[in-house]
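To start, the structure itself, in structure tokens.
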Amino acid sequence: MIWIYLLLALVAGAFMPVQAGVNSQLARWTSHPVLAATISFIVGTLALLIYSLTLRSSWPAWGTLSSAPWWVWTGGFFGAFFVAVAAAFAPKLGAATFVSITIAGQMFVSLVLDQYGLIGFQSRPINAWRALGAVLLVIGVALMRKF
């Protein structure tokens, strides 16, 4: 079963540069990356709403939602920030540089989240191999940017 998760994660990662390119083109048509990000999120929200309705799952009670910690509501902000930044800067950096630098950022934050078991992740301490992997990612970013 884990291979399905890995495959879907690979596909989701493959969509990142496509999403950045599509949204940067939308930004050209709308004349603003934040407006492009807004439109992108509206389309995404509609797609998720339709999918959620087809699942026919029951929605949680408002009391359950209101008792959630404040920080669980910040995911949409992080997604919106990423989409707006991608729309604005991916064309200036190039797809490979943009994706490699975002992956480096993801790796460093992921190491901290794993090290301390934050926001629901199981604790997985940083070791020499994981640190080396992060350093190699930074080297990869430098190589992508230089060449």
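Restricting segment 14-37 to residues that are part of a helix (DSSP H, G or I), of a type outside the set (F, W, Y) and without any contact (Cβ under 8 Å) to a residue 40 or more places away in the chain, which is nearest to A95 (Cα to Cα)?
Start the filter on segment 14-37 by keeping residues that are part of a helix (DSSP H, G or I), which leaves 14-30, 33-37.
Checking the rest, the ones that are also of a type outside the set (F, W, Y) come to 14, 16-28, 30, 33-37.
From the residues that got through so far, the ones that are without any contact (Cβ under 8 Å) to a residue 40 or more places away in the chain too are 14, 18, 22, 25, 28, 30, 35.
Numbers: A14: 11, V18: 9, V22: 11, Q25: 13, R28: 16, T30: 21, L35: 21 Å.
If we take residues in segment 14-37 being part of a helix (DSSP H, G or I), of a type outside the set (F, W, Y) and without any contact (Cβ under 8 Å) to a residue 40 or more places away in the chain, then V18 is nearest to A95 (Cα to Cα).
Okay, residues lined up against (1) on the phi > 0 side of the Ramachandran plot; (2) outside any helix (DSSP H, G or I); (3) touching a residue at least 24 places away in the same chain (Cβ under 8 Å); (4) of a type outside the set (A, V, I, L, M):
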| residue | (1), (2), (3), (4) |
| --- | --- |
| V43 | no, no, no, no |
| L46 | no, no, no, no |
| L49 | no, no, no, no |
| G79 | no, no, yes, yes |
| F82 | no, no, no, yes |
| A87 | no, no, yes, no |
| K92 | no, no, no, yes |
| F98 | no, no, yes, yes |
| T102 | no, no, yes, yes |
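Here's the yes/no breakdown for (1) assigned to a loop (DSSP other than H, G, I, E, B); (2) under 17 Å from the mean Cα position of the chain (by Cα); (3) among the aromatic types (F, W, Y); (4) modelled with pLDDT of 90 or more:
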residue: L113; (1), (2), (3), (4): no, yes, no, yes
residue: L118; (1), (2), (3), (4): yes, no, no, yes
residue: F121; (1), (2), (3), (4): yes, yes, yes, yes
residue: P125; (1), (2), (3), (4): yes, no, no, yes
residue: V135; (1), (2), (3), (4): no, no, no, yes
residue: I139; (1), (2), (3), (4): no, no, no, yes
residue: A142; (1), (2), (3), (4): no, no, no, no
residue: R145; (1), (2), (3), (4): no, no, no, no
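For segment 41-68: of the residues being of a type in the set (S, T, N, Q) and surrounded by 10 or more Cβ atoms within 10 Å (Cβ to Cβ), which is farthest from Q25 (Cα to Cα)?
S52
For segment 11-25, which positions are surrounded by 10 or more Cβ atoms within 10 Å (Cβ to Cβ) and out of contact with any Pro (no Cβ under 9 Å at 6 or more places or on another chain)? Talk me through it step by step, then tell me what you get.
Residues of segment 11-25 surrounded by 10 or more Cβ atoms within 10 Å (Cβ to Cβ): 12-25.
Scanning segment 11-25 gives A12, G13, A14, F15, M16, P17, V18, Q19, V22.
Check R56 against each of (1) at pLDDT 95 or above; (2) at positive phi; (3) not aliphatic (A, V, I, L, M) and name the one condition it does not meet.
Result: R56 fails condition (1) only.
Among the residues of segment 69-102, write down those that are of a type in the set (V, I, T) and surrounded by fewer than 15 Cβ atoms within 10 Å (Cβ to Cβ).
Of all residues in segment 69-102, those of a type in the set (V, I, T) come to 72, 74, 83, 85, 97, 99, 101-102.
The answer is V72, T74.
Only one of these conditions is not met by W129: (1) surrounded by fewer than 11 Cβ atoms within 10 Å (Cβ to Cβ); (2) among the aromatic types (F, W, Y); (3) under 30 Å from Q25 (Cβ atoms). Which number is it?
Just one mismatch for W129, condition (3).
The values are calculated or read from the model by the stated rules, or taken from the named source; none is laboratory data. From a predicted model like this one, the values you see are computed outputs, not experimental measurements. Cβ coordinates were reconstructed from backbone atoms using ideal geometry, including for glycine residues, and neighbour counts include every protein chain displayed.
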